[in-house]
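The values are calculated or read from the model by the stated rules, or taken from the named source; none is laboratory data. Owing to the predicted nature of the structure, the values given are computational and were not obtained by experimental measurement. Every residue, glycine among them, receives a Cβ derived from its backbone with ideal geometry; neighbour counts consider all protein chains shown. We work out accessible area using only protein heavy atoms, side chains counted, and drop any ligands, DNA or RNA first. Shrake-Rupley method; radii C 1.70, N 1.55, O 1.52, S 1.80 Å.
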Amino acid sequence: EPEVTQTPSHQVTQMGQEVILRCVPISNHLYFYWYRQILGQKVEFLVSFYNNEISEKSEIFDDQFSVERPDGSNFTLKIRSTKLEDSAMYFCASQTSGVQETQYFGPGTRLLVL
Amino acid sequence: AQSVTQPDIHITVSEGASLELRCNYSYGATPYLFWYVQSPGQGLQLLLKYFSGDTLVQGIKGFEAEFKRSQSSFNLRKPSVHWSDAAEYFCAVGSYKLIFGSGTRLLVRP
């Protein structure tokens, strides 16, 4: 069964460094998402991406964050200058089309900012 | 404001016992409702979803959920729990953007 994959599974970085989290969505999917879960807290929506542009973003998704689909298969989340509070599990999800289609989630990348 | 509440942080049940996980939501429009499960080291797997129609929905792994509009609830049930059901369960509401509850961790006693 097709699945969403994410790399790396764990990343440790120093505060102020840039990180790029990578996701490979399911191949025929059209909608892409990033969510995050700070330890002990809820899973939170960050951004949705469709037709090569951001369709919606949350208040969390400020200028330090960006997303890109550089080559038609990968979907990346970049954090330009990481802060301690960016430490979280980041989930990528993808969806075929239409609001009633299932969002399929990847296993997540655990980011630790020191 | 749109929100999802899962009032139980942890639930422990004995294997073979029945299970009900509670979920209440606040959503302005007709809600699309979901239950996801997360096992350690895994992503979120969809158990079931409700969009419209029959308010009792069947999902994978023997789970079902009932939508009650009057109570703004979407509780998850299973008649007989297996040890492999031990995981964290998330209720969510939304359309493209999903709003999640804080999750309920299920522990299963042998």
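Brief remarks follow.
- Ranked from largest, the principal axis spans of the Cα set of chain A equal 38, 28, 28 Å.
- A:Ser27-A:Met15 pseudo-label distance in nm [points 7 Å out on the Cα-to-Cβ vector]: 4.5
- Charge tally for B:Asp8 (other residues, Cβ to Cβ under 12 Å; Lys, Arg +1; Asp, Glu -1): 0.
- Considering only A:Lys78, A:Lys42, A:Lys57, the mean-square fluctuation computed in a Gaussian network model of chain A, springs between alpha carbons under 10 angstrom, is largest for A:Lys42.
- For chain A, built as a Gaussian network whose Cα springs stay under 10 Å, the top-fluctuating residue of A:Gln100, A:Gln17, A:Gln37: A:Gln100
- Note that the protein assembly as shown presents 49 Å² accessible area per residue, ligands and nucleic acids not counted, probe 1.4 Å.
- Net charge over other residues, Cβ less than 10 angstrom from the Cβ of B:Tyr89 (K, R count +1; D, E count -1): -2
- Only protein heavy atoms count here; on that basis, with a 1.4 Å probe, B:Arg22 has an accessible area of about 110 Å².
- Debye intensity ratio I(q)/I(0), log10, segment B:50-110, q values 0.15, 0.17, 0.26, 0.28 Å⁻¹ (C-alpha model): -0.53, -0.68, -1.29, -1.36
- Pairs of alpha carbons in segment B:3-109 whose separation is greater than 20 Å (percent): 32
- Within segment A:1-33, backbone nitrogen closer than 11 Å to the virtual label 7 Å beyond the Cα of A:Ser73 toward Cβ: A:24-25, A:27
- GNM remark for chain B: springs join alpha carbons under 10 Å apart, and the peak mean-square fluctuation among B:Ala17, B:Ala86, B:Ala29 falls on B:Ala29.
- Volume per residue of the convex hull around the Cα atoms, evaluated for the protein assembly as shown, comes out as 127 Å³.
- Using a cut-off of 23 Å between Cα atoms, the listed pairs B:Lys61/B:Lys97; B:Lys49/B:Lys78; A:Lys42/A:Lys78 include B:Lys61/B:Lys97 as exceeding that distance.
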